[in-house]
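Working notes, structure below.
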Amino acid sequence: MLQIKVFIFNLLQENTYLLYDETKEAVIIDCGAYTDDEKKQLSDFIREKDLMLKHVLNTHLHFDHILGNSFLYETYGLKPEYNQADEAMPGLKEGIVDFGFSTFKYDMVFAGQYIEDKKIISFGNTRLEALSTPGHSPGSLSFYSGEDNCVFTGDALFHLCIGRTDLWKGNCEELIQSIKNKLFSLPDNTVVYPGHAISSTIGKEKRYNPELR
């Protein structure tokens, strides 16, 4: 059975998800750990639970979602996995400055492998299906577990909101179509774990999200 640990990291309150099952194999989705305390919190949990990290996944490459990738590579030897379309994004340093965090320092770790739509990511007894959900960024992905009835949407779909589309190559119409065609095709009771703030369900977002009526 899938276990989900949520860490809230960095100044943008980004949700970092650590997933593991009874085999103790694990994946991390969108590691935003930046400070030494955040890195210690994450590594201590992995050690205490005796987890074996198998994959480092990114829903997209905006800086707040990848700040911890270099730490994970240095500590566990794992390179991130993401959609190649986001790799053309302008320099992360410029993006950090645009958000007003000019003191942030970051070394980009490029993909160990790229993830395309419908790719299956396996760890332990768990399978995640990558869903292409562009619009917030051209390479945005969501990760879906049908068996465990949940989807990790990055910054595509939030609780009663959708991702912003005013950043590099964002496209509001494309994002809405991604949500309606891909995410809203999932069962209504699917739990939505977004990149920021609280969780929701597909059914709730269909009924009440003001951006999608």
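Quick notes
- Here the strands (runs of 3 or more DSSP E) wholly within the range 1-89 that include at least 3 residues being of a type in the set (A, V, I, L, M) are 3-9, 25-29, 52-57.
- Any hit, the range 16-34, residues being among the polar types (S, T, N, Q), modelled with pLDDT of 95 or more and within 13 Å of the chain's Cα centre (by Cα): yes
- Residue in the range 120-127 that is under 14 Å from Leu57 (Cα atoms), under 17 Å from the mean Cα position of the chain (by Cα) and aliphatic (A, V, I, L, M) present: yes
- Complete set of residues in the range 164-203 that are over 20 Å from Pro134 (Cβ atoms), of a type outside the set (S, T, N, Q) and without any contact (Cβ under 8 Å) to a residue 24 or more places away in the chain: Asp188, Gly203
- Candidate set from the range 175-213 (those that are of a type in the set (Gly, Ala, Ser) and under 17 Å from Ile29 (Cβ atoms)); member that is surrounded by the fewest Cβ atoms within 10 Å (Cβ to Cβ): Ala197
- Being of a type in the set (Phe, Trp, Tyr), under 22 Å from Ala88 (Cβ atoms) and modelled with pLDDT of 95 or more is true of Phe143.
- Put simply, of Asp50, Asp30 the only residue that is of a type in the set (D, E, K, R) and in contact with a His (Cβ under 6 Å, 6 or more places away or on another chain) is Asp30.
- Within the span defined as the range 160-177, one or more residues are closer than 22 Å to Asn15 by Cβ, part of a loop (DSSP other than H, G, I, E, B) and acidic (Asp, Glu).
- Here the range 80-110 is the region considered, the condition is being out of contact with any helix residue (DSSP H, G or I) (no Cβ under 6 Å at 6 or more places or on another chain) and at pLDDT 95 or above, and the residue that is surrounded by the most Cβ atoms within 10 Å (Cβ to Cβ) is Tyr82.
- Of all the numbered requirements in (1) surrounded by 14 or more Cβ atoms within 10 Å (Cβ to Cβ); (2) at pLDDT below 95, Leu57 misses one, and that requirement is (2).
- Residue in the range 30-43 that is touching a residue at least 24 places away in the same chain (Cβ under 8 Å), in contact with an Asp or Glu (Cβ under 8 Å, 6 or more places away or on another chain) and within 20 Å of Tyr144 (Cβ to Cβ) present: yes
- Counting the residues of the range 111-143 that are crowded, with 20+ Cβ neighbours inside 10 Å, hydroxyl-bearing (Ser, Thr, Tyr) and assigned to a strand (DSSP E or B) gives 2.
The values are calculated or read from the model by the stated rules, or taken from the named source; none is laboratory data. Small disclaimer: the values here were computed from a predicted structure and weren't measured. Ideal geometry is used to build each Cβ from the backbone, glycine not excepted, and the neighbour counts take in all protein chains shown.
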